[in-house]
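Notes to accompany the following structure.
The values are calculated or read from the model by the stated rules, or taken from the named source; none is laboratory data. Given the structure is predicted, the values throughout are model-derived calculations rather than measurements. Here the Cβ positions follow ideal geometry from the backbone for every residue, glycine too, while neighbour counts run over all protein chains shown.
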Amino acid sequence: MQCVIETLYKKYGITSVLIEAGKTVLSSFLKSGLIDKFIFFTAPKIIGGDSPYGIFSDLNLCRVSEAISLQFDELKRVGNDIMITAYNC
């Protein structure tokens, strides 16, 4: 994953990549420190249990002190949904 990102930068000068992925790939990028900006869309719906629609998995963050802190930049209504733009602190 790191190798692909480095190749995109060195060979093509790409400095920004949009990742729209499942929770396993997204969690891998997050664990590797490769995400600095998040754009979340949330709908006015609640899904419980181990839903396949969750956005992260296997982060092993069990305490509030271990949480990944985000700084909210923008909140915007998009139709019935809310778009949240945040940066990794």
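Scanning segment 1-50 for residues that are more than 27 Å from Ile82 (Cβ to Cβ) and either in contact with a Leu (Cβ under 9 Å, 6 or more places away or on another chain) or loosely packed, with under 11 Cβ neighbours inside 10 Å (or both) turns up Met1, Gln2, Cys3, Val4, Ile5, Glu6, Lys10, Lys11, Tyr12, Gly13, Ile14, Thr15.
Out of Ser57, Ser65, Ser69, I need the residue that is free of Cβ contacts under 8 Å to residues at least 40 places away in the same chain, surrounded by 10 or more Cβ atoms within 10 Å (Cβ to Cβ), under 25 Å from Gly33 (Cα atoms) and small (Gly, Ala, Ser). Which one?
Just a single option satisfies the conditions, and that option is Ser57.
Table: residues versus (1) modelled with pLDDT of 90 or more; (2) touching a strand residue (DSSP E or B) at 6+ places or on another chain (Cβ under 6 Å); (3) among the aliphatic types (A, V, I, L, M).
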{"residue": "Asp36", "(1), (2), (3)": "yes, yes, no"}
{"residue": "Ile39", "(1), (2), (3)": "yes, yes, yes"}
{"residue": "Leu61", "(1), (2), (3)": "no, no, yes"}
{"residue": "Ala67", "(1), (2), (3)": "no, no, yes"}
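Scanning segment 72-89 for residues that are free of Cβ contacts under 8 Å to residues at least 24 places away in the same chain and more than 17 Å from the chain's Cα centre (by Cα), which turns out surrounded by the most Cβ atoms within 10 Å (Cβ to Cβ)? Here the answer is Lys76. For Ile55, the stated conditions do not hold, so it cannot be described as β-branched (Val, Ile, Thr), modelled with pLDDT under 90 and farther than 16 Å from Ala86 by Cβ.
If Lys23 satisfies all but one of (1) out of contact with any strand residue (DSSP E or B) (no Cβ under 6 Å at 6 or more places or on another chain); (2) modelled with pLDDT of 90 or more, what's the number of the condition it fails? For Lys23, the exception is condition (2).
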